[in-house]
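One structure is given here, and the rest of the page talks about it.
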Amino acid sequence: MRLLQIENLSVAIHGTEILKQVSFSIDPGQILAVTGESGSGKSMTALAVMQLLPNGAKTEGSIRLEGQDLLNCPEAEMCALRGASIGMVFQEPMTALNPVKTIGDQVMETILIHKAMSHAQARERAKEVLTRVGLPSDQFSLSRYPHELSGGQRQRVVIAMAIALRPKLLIADEPTTALDVTTQAQILDLLKGLVEEYGMGLLIITHDLAVVSDLADRIVVMRHGEVVESGATAELLHNMQHPYTRMLFEASNHQVTLPQPPQPRPLLEVKNVVRDYRLPRKRLFGVPGQHRAVNDVSFTLNRGERLGLVGESGCGKSTLTKAILGLADVQSGEIRLDGKPVFSGHTPNRDVRRKVQVVFQDPYGSFNPRHRVARLITEPFYLLDAPPTGAERQDRIDEILAAVGLSPNDASKYIHEFSGGQRQRIAIARALIIRPELILFDEAVSALDVSVRAQILDLLAELCAAYDLTYLFISHDLSVVRTITDRVLVMKAGRIVEHGETEQVFSDPQHPYTQSLIQAAPTLPEIGRSMAKPIC
């Protein structure tokens, strides 16, 4: 008997068709990947299995878990199944975890709700599953709170909650999207190990074929609420039939061509920068400790050059970025932009600050949703001594929106009216509108679909040619850094451990840490690339 059997599943919400005749199955011990762009129906399919669809949803077809019809299950029965027979790992662990409850209590909660064992036994099971996911109690106390853990550790807690009662089916919705490559590899290995150890079925949802090419037994490709292609992983990747599948494949390995950088002329100079953070006291009258986030970092970024910065979470990338932006002072060393110090004493230099802009990872979170696009992208005007007004201001808005592939009419819209890719284009427009000398891209494409990511990378290449951009591109996605930068810096534990021309570093890494990063990065098989038919 199949573990999960979905047949001709259709879902409409308030009359709008979301899923159309979706069919696939999962056996015990099998890993099935559902892939596609945002809006393709991946997450809605998972919510239908969990019977967590929004109000106004109407379903047709059948969803059976070991023969039990889930669509006709009363809510009381579904509550008994959720957490016990079906576990779910959500994309963003900080929204899935309760910030005011300890990780031990949150893992125990699932066990106690189902009255599977006593409180003492539940505590022991919580220790056991946290240890199984790589968080042993001697290093990670059950009394810790989510904010005391890294992103990868939080995701492990969410997985521990989902497997506390060893469910028959585990659903993982984009479990590695915002994680660095080594943590991503660890989470994928953990999920695979859990399937092998417990014999559960795993439904993993992702927008990136490279993530699951070595993990999944079968792949289902969805678009606009329909299954357009499915099959065994090796067979599907070697012989893709549908143009959309081939488009996803090519987008996962998208390459851009950057213009040649001009002759070296230093723009940003970072010399022997050190940044420490004070740690809490371990004893009442003890001396506070120090954590060195940035340790003697030096590099030069030339005009018209594109420099990459890679490393795991916690390596010091964000601290260094804040220092360059003038948002975090440094204990020693010097940062100069165009020959002028970023800090005058301990105060950010306004003359330098107006020459630097930043594009953040989450464009929606970096905008005020109450303001229209015209106001949002002109926020950097406050840095100018004489900001443009009237017709000149409108001309500048129209010009920059057109430069990033949007319409001047979009200036009157609100940010919620745009897709993720369009929001990132607006973020780039905001960074460009005062023509800065330097732009910092902080994980600017990590949360985007592969096809949208490809469009943004093409846009950056076009802007490099049109505006002679100089940027520092910070990312954990090595495939993106490889195609969008001229040189790359590799950072570990606050130090630059390797640097050089991008292709040279990726082709012949010298430092063991760089080698481990490249080995951990997910890649699609080359044979699939050669056998895939051209996109019509």
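Pairs over the 20 Å Cα-Cα cut-off, from the set K42/K101; K317/K492; K101/K282: K42/K101; K101/K282. Of the peptides 257-270, 126-139, the order by per-residue mean of other Cβ atoms within 10 Å, starting with the highest, comes out as 126-139, 257-270. The antiparallel fraction among DSSP beta bridges confined to the chain stands at about 60%. Roughly how tilted is helix 450-467, in degrees to the nearest 10 and between 0 and 90, from the longest Cα axis of the chain? Here the helix axis deviates by roughly 10 degrees.
Note that the stretch 198-207 has calculated 3J(HN,Hα) couplings of 9, x, 7, x, 10, 9, 10, 9, 7, 9 Hz, one per residue in order, obtained from phi through the Karplus relation 6.51 cos²θ - 1.76 cosθ + 1.60 (θ = phi - 60°); glycine and proline are x. When each of the peptides 183-190, 165-172 is scored by how many other beta carbons lie within 10 Å of its residues on average, the order from highest to lowest is 165-172, 183-190. When Lys and Arg each count +1 and Asp and Glu each count -1, what net charge do the other residues less than 10 Å away from S25, Cβ to Cβ, add up to? Neighbourhood net charge equals +1. The calculated pair-distance distribution of the stretch 24-252 uses every alpha carbon pair, bins of 5 angstrom beginning at 0, and gives 1, 7, 14, 18, 19, 17, 12, 7, 4, 1, 0 percent. This ranking places D362, D385 by how few other beta-carbon atoms lie within 10 Å of each, fewest first, which gives D385, D362. Rounded to the nearest 5, what % of DSSP beta bridges with both residues in the stretch 24-252 are antiparallel? Approximately 30 percent, going by the DSSP bridge assignments.
Just the C-alpha atoms of the stretch 292-344: what Rg/Rh do they give, with Rh taken as the Kirkwood radius?
0.94
When only alpha carbons of the chain are considered, Rg and Dmax amount to 24.8, 73 Å. Sorting M78, M88 by the number of Cβ atoms found within 10 Å of their own Cβ, with the fewest placed first, yields M78, M88.
Using only the alpha-carbon atoms, how far is helix 420-432 inclined from the longest principal axis of the chain? Give it as 0 to 90 degrees, nearest 10. That works out to roughly 10 degrees.
Taken one residue at a time, the phi angles of the stretch 278-293 give Karplus couplings (6.51, -1.76, 1.60, θ = phi - 60°) of 7, 9, x, 5, 7, 10, 4, 10, x, 7, x, x, 10, 10, 8, 7 Hz. Gly and Pro are set to x. The Cα center of the stretch 102-178 and the Cα center of the stretch 352-427 differ in position by 42 Å. Computed from backbone phi, the HN-Hα couplings of the stretch 61-70 come to x, 8, 10, 10, 10, 6, x, 7, 6, 6 Hz, rounded to whole numbers (Karplus: 6.51 cos²θ - 1.76 cosθ + 1.60, θ = phi - 60°; Gly and Pro given as x).
Any read-out appearing in this document is the output of simple, stated calculations on the displayed coordinates, not a laboratory observation. Here the structure is a predicted model, which means the values were calculated and not measured. Methodologically, a virtual Cβ is constructed for each residue, glycine included, from the backbone with ideal geometry; neighbour enumeration extends over all protein chains shown.
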